[in-house]
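These notes concern the structure reproduced below.
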Amino acid sequence: MRTGDFYEAGSVKSPVSRYGFINAKLRARISMILTEEFSSSLLRSASMEEVLQLLKETEFSPVSDAYDRTGDIQSAELELFQMQIGWYREIVKITEDVVQGFIRSMSLKLEIENLKNAIRLWYGSRIKKRPIGHRAGYLYRERILNNIDWDGIINAVSFDEIITSLNTDIYTKAIEPFRTAMETGDGLFKMEIALDRMYYDFLFSSAKELPSKDRALVERILTTEIEIQNINWLIRYSHFYSVTAPELEEILIPRGMKISVEDIQSYLSQETRQKDPAALLKGKFPALASLSIGDKGSAASQAILFEQLLEATRKEEFMKLISGYPFTIGIVLVYFFMKNRESRFLMSVLNGKYYGWKSERIREVTG
């Protein structure tokens, strides 16, 4: 798949003609996404049934209906995933040229997540000899961008059959280096990191086709996204796994923040309750770097707290785009950021109510 598959470069449209209609349309929608009143109502709900009833009055009624039909939380998750694909396709239809192409490129993230799930099913069944049973029924099997044979991946008897089922070399190049690790049961983590790296490389490449102002904006936002992703992995991976500094540096995505091997090694050598991830962020996110979380309890609670702080920083970066010059691709980035955030919040609430969590715990997880 090439960026040229989606659009022709060299558009001479003015920013106003390119973004005038989409800016007005998306601003109206953004104002309705995850309002404080709606999110509070969901959190206050006393039961799963109350949450589902609230959803029936929103665009998420198909998610509620899916659960009503099956009583299965995974069916609701699958329905929400299909809705996410639909959001991208809808905006593609009302945009043109290079913007349309970049939105298609953004939706590659959904295809990659589905690919990870398909490979996990294959790995669990073929390599770990675990029954995957009904879980395979919750994999999205329709085309997202590329013509991937999802069942072919799940049922592959060899790594080569996975490659054949992909039907595109964009993924082959990313996962081929991990053939031995996957076949010998050495895990999927690094392969999945490679897919994430590929996604960001693809977006940076697609951004080159955008007008200069849009390209600069996208590259700034993508760099921030990578920085936050790297920090999340740094905190979570180093807390819960035994890993050397070079190994940790190896999994961080390029283009984001660069943390020296020495700093990582110093951080990893500390006892859990003395670890202060904020110390690694000096100069990058000053507000976070001033906060010490070394005494905030377990490694799990530290990781959750830091993820919430990073998400707040991420939201702030996107919200800056709303107050700036209106005729840029920024409005599109904000819209999808808000919709994806809304989806994560909704699934956290549904899972929390499904498993009987108290509202306080759900609120903690959702931030």
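Below are the figures for this structure:
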item: The stretch 330-347 residues that are assigned to a helix (DSSP H, G or I), paired with ones that are surrounded by fewer than 19 Cβ atoms within 10 Å (Cβ to Cβ) and β-branched (Val, Ile, Thr) (beta carbon under 7 Å, 6 or more apart); result: VAL334/ILE30; VAL334/ILE322; TYR335/ILE30; MET338/ILE30; MET338/ILE33; LYS339/ILE33; GLU342/ILE33
item: Residue list for the stretch 183-229, restricted to those being in contact (Cβ under 8 Å) with a residue 60 or more places away in the chain and either among the aromatic types (Phe, Trp, Tyr) or touching a Leu at 6+ places or on another chain (Cβ under 8 Å) (or both); result: PHE189, LEU195, TYR199, PHE202, LEU203, ALA207, LEU217, VAL218, ILE221, ILE228
item: Where ILE144 falls short, out of the listed (1) assigned to a loop (DSSP other than H, G, I, E, B); (2) in contact (Cβ under 8 Å) with a residue 12 or more places away in the chain; (3) surrounded by fewer than 19 Cβ atoms within 10 Å (Cβ to Cβ); result: (3)
item: Unique match (being assigned by TED's automatic domain parsing to the domain that holds PHE189, touching a residue at least 40 places away in the same chain (Cβ under 8 Å) and more than 22 Å from ASP196 (Cβ to Cβ)) among ARG126, ARG135; result: ARG135
item: Selection count where residues are assigned to a helix (DSSP H, G or I) and surrounded by 13 or more Cβ atoms within 10 Å (Cβ to Cβ), scope the stretch 118-141; result: 13
item: Residue match in the stretch 190-199 (condition: out of contact with any helix residue (DSSP H, G or I) (no Cβ under 9 Å at 6 or more places or on another chain) and under 24 Å from THR313 (Cβ atoms)); result: no
item: SER64, sole failed condition from (1) polar (S, T, N, Q); (2) surrounded by fewer than 14 Cβ atoms within 10 Å (Cβ to Cβ); (3) free of Cβ contacts under 8 Å to residues at least 24 places away in the same chain; result: (2)
item: Helices (runs of 4 or more DSSP H) (entirely within the stretch 170-241) containing at least 1 residues that are at pLDDT below 85 and in contact with an Asp or Glu (Cβ under 6 Å, 6 or more places away or on another chain); result: 212-240
item: Selection count, the stretch 22-45, where residues are modelled with pLDDT of 90 or more and either in a loop (DSSP other than H, G, I, E, B) or over 27 Å from the mean Cα position of the chain (by Cα) (or both); result: 2
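Table: residues versus (1) under 28 Å from GLU247 (Cα atoms); (2) assigned by TED's automatic domain parsing to the domain that holds ILE132; (3) basic (Lys, Arg).
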residue	(1), (2), (3)
VAL157	no, yes, no
GLU161	no, yes, no
ASN167	no, yes, no
ILE170	yes, yes, no
ARG179	yes, yes, yes
GLU192	yes, yes, no
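The values are calculated or read from the model by the stated rules, or taken from the named source; none is laboratory data. Keep in mind the model is a prediction, meaning the values are calculated, not measured. Don't worry about glycine lacking a Cβ; one is built from the backbone with ideal geometry, like all the others, and counts go over all protein chains shown.
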